[in-house]
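Heads up, the thing below is written out as structure tokens.
The values are calculated or read from the model by the stated rules, or taken from the named source; none is laboratory data. Predicted, not measured: the structure shown is a model, and the values here were computed from it. Cβ placement follows ideal geometry from the backbone for every residue including glycine, while neighbour counts extend to all protein chains displayed.
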Amino acid sequence: MKTEALERYLNSFGKQVVNRAKGNLQKAKGGGTNLEKSIGFKVITSTEGFSVQFFMDSYGTFVDKGVSGTDVRRSFKDYKGRTISSPYKYTTKQPPSRVLDKWIVKKGIAPRDEKGRFMSRKSISFLIARSIKRKGIQGISFFQKPLMLGMKEFSSKFGKAIADDIVDNLRQQKIA
């Protein structure tokens, strides 16, 4: 059985979710991030049918769903629109200070101590890492929201794509 309309629809569904996710990430984090560049999809065809597989850098799930801290519980909105507690949390370890160094430079963070002297980046990155461990990272649902919208639209248009394929297959059988 030919399934061109269904495959086309699943490809447009995947593109739409990816583009919306990238747009949400641009609004939240600014454009050109490595995470944004890593977001993609592919339509997989098997004997059981079709599926759309989305992928991104592994830390994308932490940005999307958030990470609870030791003092604050974080949540996110899933693709069904429900608010759910983040499955991730800091317990004993905090983020390594070295990963914050480039971010501190990029943001131009240079606080001063009580005597007016600039603090070292090492001190600043330690304090920020400790704060992240305590407060966690709020999930921004940059991927969950477009997936939810896509699924809502998908349910109404999915039947039409299947019907188009069935009609095309019936026409092909009449001709043959």
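Got a number for residues in segment 25-81 being at pLDDT below 90, closer than 19 Å to N11 by Cβ and among the small types (G, A, S)?
Count: 3.
Out of (1) surrounded by fewer than 17 Cβ atoms within 10 Å (Cβ to Cβ); (2) in contact with a helix residue (DSSP H, G or I) (Cβ under 9 Å, 6 or more places away or on another chain); (3) at pLDDT below 90; (4) not assigned by TED's automatic domain parsing to the domain that holds F62, the odd one out for F126 is which?
(3)
Restricting segment 19-59 to residues that are touching a residue at least 24 places away in the same chain (Cβ under 8 Å) and of a type in the set (A, V, I, L, M), which is nearest to F143 (Cα to Cα)?
So the residue we want is A21.
I'm told D101 meets every condition in (1) within 24 Å of P146 (Cβ to Cβ); (2) touching a Lys or Arg at 6+ places or on another chain (Cβ under 8 Å) except one. Can you identify the failing condition by its number?
(1)
Can you pull out the residues in segment 51-75 that are assigned to a helix (DSSP H, G or I) and touching a strand residue (DSSP E or B) at 6+ places or on another chain (Cβ under 7 Å)?
F62, D64, K65
Filter segment 65-76 down to the residues that are surrounded by 17 or more Cβ atoms within 10 Å (Cβ to Cβ) and touching a helix residue (DSSP H, G or I) at 6+ places or on another chain (Cβ under 6 Å), then identify the one that is farthest from I39 (Cα to Cα).
G69
Would you call S12 part of a helix (DSSP H, G or I), of a type in the set (G, A, S) and over 18 Å from Q138 (Cβ atoms)?
Here the answer is yes, as S12 does meet what is asked.
Residue under question is L100, and the condition is that it be within 26 Å of V18 (Cα to Cα), at pLDDT below 90 and surrounded by 14 or more Cβ atoms within 10 Å (Cβ to Cβ); does it hold?
For L100, the condition - within 26 Å of V18 (Cα to Cα), at pLDDT below 90 and surrounded by 14 or more Cβ atoms within 10 Å (Cβ to Cβ) - is not met.
Taking the criterion of being part of a loop (DSSP other than H, G, I, E, B) and under 15 Å from the mean Cα position of the chain (by Cα), would at least one residue in segment 41-50 satisfy it?
So in segment 41-50, the residues part of a loop (DSSP other than H, G, I, E, B) come out as 47-48.
In the following step, the residues that additionally are under 15 Å from the mean Cα position of the chain (by Cα) were identified as none.
There is no residue in segment 41-50 that is part of a loop (DSSP other than H, G, I, E, B) and under 15 Å from the mean Cα position of the chain (by Cα).
As an exercise: evaluate P95 against (1) closer than 21 Å to K133 by Cβ; (2) not assigned by TED's automatic domain parsing to the domain that holds S131 and give the number of the one condition it does not meet.
Checking P95 against (1) closer than 21 Å to K133 by Cβ; (2) not assigned by TED's automatic domain parsing to the domain that holds S131, the one that fails is (2).
Can you confirm whether segment 146-166 contains a residue that is in the same structural domain as E36 (by TED's automatic domain parsing), at pLDDT 90 or above, in contact with a Lys or Arg (Cβ under 8 Å, 6 or more places away or on another chain) and not hydroxyl-bearing (S, T, Y)? Let's see the steps before the verdict.
Step one: of segment 146-166, the residues in the same structural domain as E36 (by TED's automatic domain parsing) are 146-166.
Then keep just the ones that are at pLDDT 90 or above; that gives 146.
Narrowing further to those that are in contact with a Lys or Arg (Cβ under 8 Å, 6 or more places away or on another chain): 146.
Cutting the leftovers down to not hydroxyl-bearing (S, T, Y) gives us 146.
Scanning segment 146-166, I find at least one residue that is in the same structural domain as E36 (by TED's automatic domain parsing), at pLDDT 90 or above, in contact with a Lys or Arg (Cβ under 8 Å, 6 or more places away or on another chain) and not hydroxyl-bearing (S, T, Y), so the answer is yes.
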